[in-house]
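Trainee: One structure is given below, represented as structure tokens, and several questions about it will come after.
Only the coordinates and a few stated rules stand behind these numbers; no lab work does. Keep in mind it's a predicted model, so treat the numbers as computed, not measured. Cβ atoms come from the backbone with ideal geometry, glycine included; neighbour counts cover every protein chain shown.
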Amino acid sequence: MKLPFRYHSDLWLLVWLLLATPVFATIDAYEFQNPAQEQRFRALTAELRCPKCQNQNIADSNAPLSQDLRQRVYEMIQAGRSDQEIKEFMITRYGDFITYRPPFKPATWILWLGPVAFLFLAALGVGLWLRQRGRQAAPELSDAERRRLTELLTSREDRL
């Protein structure tokens, strides 16, 4: 039985899509000696920022640099290094930016104190604006405006 041309081309399209999908998939397979090492690996790779992607951790990034860093973290865990030693190595090599929680030191004061200073200045600005607004005197009404206001108020009272 000969299939109509339409079904034949759809079948080839499906075959090409199924064959092309695995080409883009990359899987990092790491074998650990125990579940504690695997947990440490997951925690460290989630805590370290990709220097190239800037807002992704190395666990979620597909950048080649992140793949290298994951491999390096794995090797250091297998070598028996502590979490602190691994973080210090990464900070020495890539700077404080690689951690989502940089240490509190003069070079990072702006990161830690900047948001607090901004909130303080914003609150100060709002406070000064409200204080100045409260000091402004109500505008004086002219004699014509006072008469008109009195007429409106008395006519309203008459209607009620």
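Trainee: What are the GluC sites (Glu not before Pro) within region 90-160 that DSSP puts in a loop, where the Cβ has at most 15 other Cβ atoms within 10 Å? The partial results should precede the final answer.
Mentor: Details: sites: Glu140, Glu145, Glu151, Glu157; in loops: Glu140.
The qualifying sites are Glu140.
Trainee: Same structure, new question: Of the listed peptides 93-102, 124-133, 33-42, 72-81, what is their order by residue-averaged count of other C-beta atoms within 10 Å, with the highest listed first?
Mentor: On the way: 93-102: 14.0, 124-133: 9.6, 33-42: 12.5, 72-81: 15.5.
The densest-packed peptide leads the list: 72-81, 93-102, 33-42, 124-133.
Trainee: Ok, one more. Could you grab the relative contact order for region 29-76? Cα pairs under 8 Å, six or more apart, rounded to a whole percent. Write down the numbers at each step before the final one.
Mentor: Numbers: 40 pairs, mean separation 13.6, N = 48.
Value for region 29-76: 28 percent.
Trainee: Let me ask something else. So if I restrict to the alpha-carbon atoms in region 62-160, what is the Rg, and what is Dmax, the biggest pairwise distance, in Å?
Mentor: Computed over the Cα atoms of region 62-160, radius of gyration and Dmax are 32.4, 93 Å.
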